[in-house]
Structures are given as C-alpha cells and as structure tokens.
C-alpha cells in the first residue's frame, strides 16, 4: 500500500516502500517548493509519466556517487586539459532542463513534464536547484541539473550533444563538491552509465542516515560559482 498525499501532508521518515515497483512510496500532492524540499530531505523524489498522478519514490538500494570516487578516465582528463569548452553554472537552468527532457533514442517519452520544469525553475530561483553547463562556441552542448540542500547534492538528469559534454559537467561538479566538502550525490536509480563513472548502490537506511547529516549542514541557498579546476 502506498501513501496517498493531500496537498499539505508532510512526509514521514521512510522505513519501507513497495518492492514492486522498487521504492514507490506515495502518490498525489503537489510540486510546491515546500513539498519538494521536504521530500528531498527525507530521501524521496518525484518521478511520473504523462497522465499519471505525481508519484514519490525512495528505492532500496540507492545509487549514489561519492565525489571523491568519480572515475576520471584518461581520455576525459585529456579533454578537460585541452579546455575546448566553457564551463558555466546557473546561467541556463531552464534550457538544461528542457534539453534533458528532449526525446532520446530508444525512449518513447520523458518523465520531465512541464509541471516538473516549472517547479524546479522556481526552486532554481530560490537558490536550491542548479545547473552545470558545458558550452562550446557559445552553444549549450551538455550539462546536468539537480538539487542542493546543505552539503548534499541530488542529481536529477544530464544530457549531451557533443562527445563527453555531460561528463565534463559532472567532472567539474565532483571537483567543486569536494572543495565544498559535500559528501554525496544522490543518483537515484542504477544505470550502467552512472556505474561507469564511479556511482554505486548502498542500502537505503545508511543512505538516509548520511543524507540527513549532510542536509542539516549550514550551506544557505545561493547561485553557484565554481573555482577553476586544475586537471
């Protein structure tokens, strides 16, 4: 049985969720900033298709990337050192979201509905949602977006229109999060691509414990600016 949310219902601490499908916890509610921030602080995220109610998830195990475990391949290091790109943050948040929502080969649709775009753009305006962008010749060619609460980052999606464009953004993100002493990136679901970059699964309860500690750290919402990375 899943929790049916009313508009003002707060999330309880997550002790269990459905195993089939893995992690489905609740349905309903709204994508308000308060609801989304409450969800992320409890290790819960929205994921639903067109025509579905808002569905809230907390899978077990959980895919995470510890910033110091990011796998920097030899070829990607060469690309980063060559520097034939511009790295920007928080300059094109909505563009990044819509690029992530664009149809991809082998997929029928997207979970990034217009309702999601508007909700996360509002969180961006409030300083909680961020984009890391790869630009070439003043063209946005790749990047990622996600949420930041305290010293915890919650990755949402990434896209790439040029070779390694999304990996460039992720490499810079991990480097900066290490400098800021962020402890963990929530990757939500297991994919071979994320695993190849160093992400791994951990049980939900240790994930929730560490997330709670990191999200409670003092790091006020603000527009992001990255330091120059030395590759």
> At a Förster radius of 22 Å, what calculated FRET efficiency corresponds to the Cβ-Cβ distance of residue 219 and residue 95, to the nearest 0.05?
Replying inline: 0.30
> Taking the radius of gyration and the Kirkwood hydrodynamic radius from Cα positions alone, what is the Rg/Rh ratio for the range 158-231, to two decimal places?
Replying inline: 0.98
>> Which residue fluctuates most in the GNM of the chain (Cα springs below 10 Å): 178, 19, 98?
In response: 19
> Looking only at 164, 181, 138, which one moves most when the chain is put into a Gaussian network model with springs between Cα atoms under 10 Å?
Replying inline: 138
>> Using alpha carbons only, how many angstrom separate the centre of the range 48-75 from the centre of the range 166-231?
In response: 11 Å
> If one puts a single equal scatterer on every Cα of the range 108-221 and applies the Debye formula without solvent, what log₁₀ I(q)/I(0) results at q = 0.13, 0.15, 0.23 Å⁻¹?
Replying inline: -0.55, -0.74, -1.53
> Out of 119, 215, 84, any idea which swings most in a Gaussian network model of the chain, alpha carbons joined below 10 Å?
Replying inline: 84
> Which whole-number percentage describes the relative contact order of the chain, with Cα contacts under 8 Å and a sequence gap of 6 or more?
Replying inline: 24 percent
> When the Kirkwood radius is taken over all Cα pairs of the range 1-132, what Stokes-Einstein diffusion coefficient follows at 37 °C and 0.692 mPa s, in µm²/s?
Replying inline: 192 µm²/s
>> Given all pairs of different Cα atoms, what value in angstroms does the Kirkwood hydrodynamic radius of the range 112-165 take?
In response: 12.0 Å
>> For a quick size check, give me the Cα extents of the range 3-59 along its three principal axes, largest first, whole Å.
In response: 28, 27, 16
> For the chain, how big is Rg over Rh, using alpha carbon atoms and the Kirkwood form of Rh?
Replying inline: 0.95
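Values quoted throughout were computed directly from the atomic coordinates according to the rules given, and no laboratory measurement underlies them. Note that the structure is a prediction, hence the values are computed from the model and not measured. Cβ: placed from backbone, ideal geometry, glycine included. Neighbour counts: every protein chain shown.
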